[in-house]
Structure formats: C-alpha cells, structure tokens
Amino acid sequence: MRGWRLLLVQIGMPIAVLGFYFLVPIPSADAPAGTVLGAIIGLVCLSFIGWVIIRELRLAQRHLQPIHLLLAFELALLVFALIYFLMHVRDPSQFAGLDTRLDALYFSMVTTATVGYGDIHALSQTARAVVTAQIAFNLVFVAGIVALVQTQIRMRSEARIAAASSPSDDSPSG
C-alpha cells in the first residue's frame, strides 16, 4: 500500500465510520451536532466510506489485506449498534440499560465478544431477534475469517512449493 492510501484506509476510514455513527441525526436530544449539521457531516462520512469501500474492493480483488477485515468488522459492529439505538429511540422499553449511542455501541461490542455482562439486555421479542441476528452474523463472520486465513495460508504454501520445485534459470542447460 502506498503511504497516503494506507493512512486513508487505516485512519480515515475508522474515523469516518465512527463519525457517521455518532453524528447521523436521529430525532432525540442525543444528536450532539444538531440535525442539519449532523446530516451534512453524516453524508460526508457516508460518501467517504462508500468511496473507500469501492476503491478497496477494486484493489482487494488482487490481495485482501487484514485491514479490510477490521473495517468490515467495525462497520458491522456499528450497524448493529445503530439498529439498537434506533430501536431504543422508537421504544425505550426494548432494552434494559440502553440509553445512549455509546450504550448501544458498548452492547454491540459485548454481544460480539460474547461477554454478556448483563448490564444491558434485550427485553422485547424484536430486540431479542435482532440480538440473535447479530450473534448469527458474528458466527458466520468469524467462520469466514477463519476460512479466508486458511485459504491465504494454503495459497502461500502452494506458491512456495511451486517456486521451490520449479527449475531455476541459473541451472545449466544441457
């Protein structure tokens, strides 16, 4: 990766995703930047995220980097957190202990890590269904990462074996 692209992907993208999560306007007193400014910043962050994702997908066809997996993980984590927060805004009785965006992000991370402290938990059937969907997604995501890593290891091993078994150009022909 070139220097500016590395900086863009490794620093800019996580900041843009977090910025979008915390600034997207949701009708409540929780919107820190106000609705209009939040919408503008949210659209800028979303545009940046889309641009980086499209660019990285084009480049990743040749070689998938670990940063792509981390970005996908962050995006999934924040999507579920946003869903939880939207559910709370619509009906606060959906979750016990979930009051802010940070609470929703915390709950999403605790669910992903399968820690389950119990300080925030789903109360309604809808909330339980969404949490179950996140757990299922996490299982599939982890299985996908394991399969991807296994494939990468196998491909590198096969490439080394092929390179070692091919005749070198330095050998005398005769």
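The set of residues in segment 10-43 being at pLDDT below 70 and part of a helix (DSSP H, G or I) consists of Thr35, Val36, Leu37, Gly38, Ala39, Ile40, Ile41, Gly42, Leu43. Scanning segment 119-137 for residues that are free of Cβ contacts under 8 Å to residues at least 60 places away in the same chain and either farther than 29 Å from Ser93 by Cβ or under 20 Å from the mean Cα position of the chain (by Cα) (or both) yields Val130, Val131, Thr132, Ala133, Gln134, Ile135, Ala136. Filtering segment 129-151 to residues that are out of contact with any Ser or Thr (no Cβ under 8 Å at 6 or more places or on another chain) and surrounded by 14 or more Cβ atoms within 10 Å (Cβ to Cβ) leaves Val130, Phe137, Phe141, Ile145, Leu148. If I filter segment 67-76 for residues that are more than 26 Å from Val24 (Cα to Cα), at pLDDT below 85 and β-branched (Val, Ile, Thr), do I get at least one hit? Taking every residue of segment 67-76 in turn, none turns out to be more than 26 Å from Val24 (Cα to Cα), at pLDDT below 85 and β-branched (Val, Ile, Thr). Exactly one residue out of Val130, Val79, Val142, Val146 is more than 26 Å from Val9 (Cβ to Cβ) and among the β-branched types (Val, Ile, Thr): that is Val130. Restricting attention to segment 109-128 and to residues that are of a type outside the set (Val, Ile, Thr) and within 18 Å of Leu78 (Cβ to Cβ), the residue that is surrounded by the fewest Cβ atoms within 10 Å (Cβ to Cβ) turns out to be Ala113.
The values are calculated or read from the model by the stated rules, or taken from the named source; none is laboratory data. Predicted, not measured: the structure shown is a model, and the values here were computed from it. Positions of Cβ are generated from backbone atoms using ideal geometry, with glycine treated the same way; all protein chains shown enter the neighbour counts.
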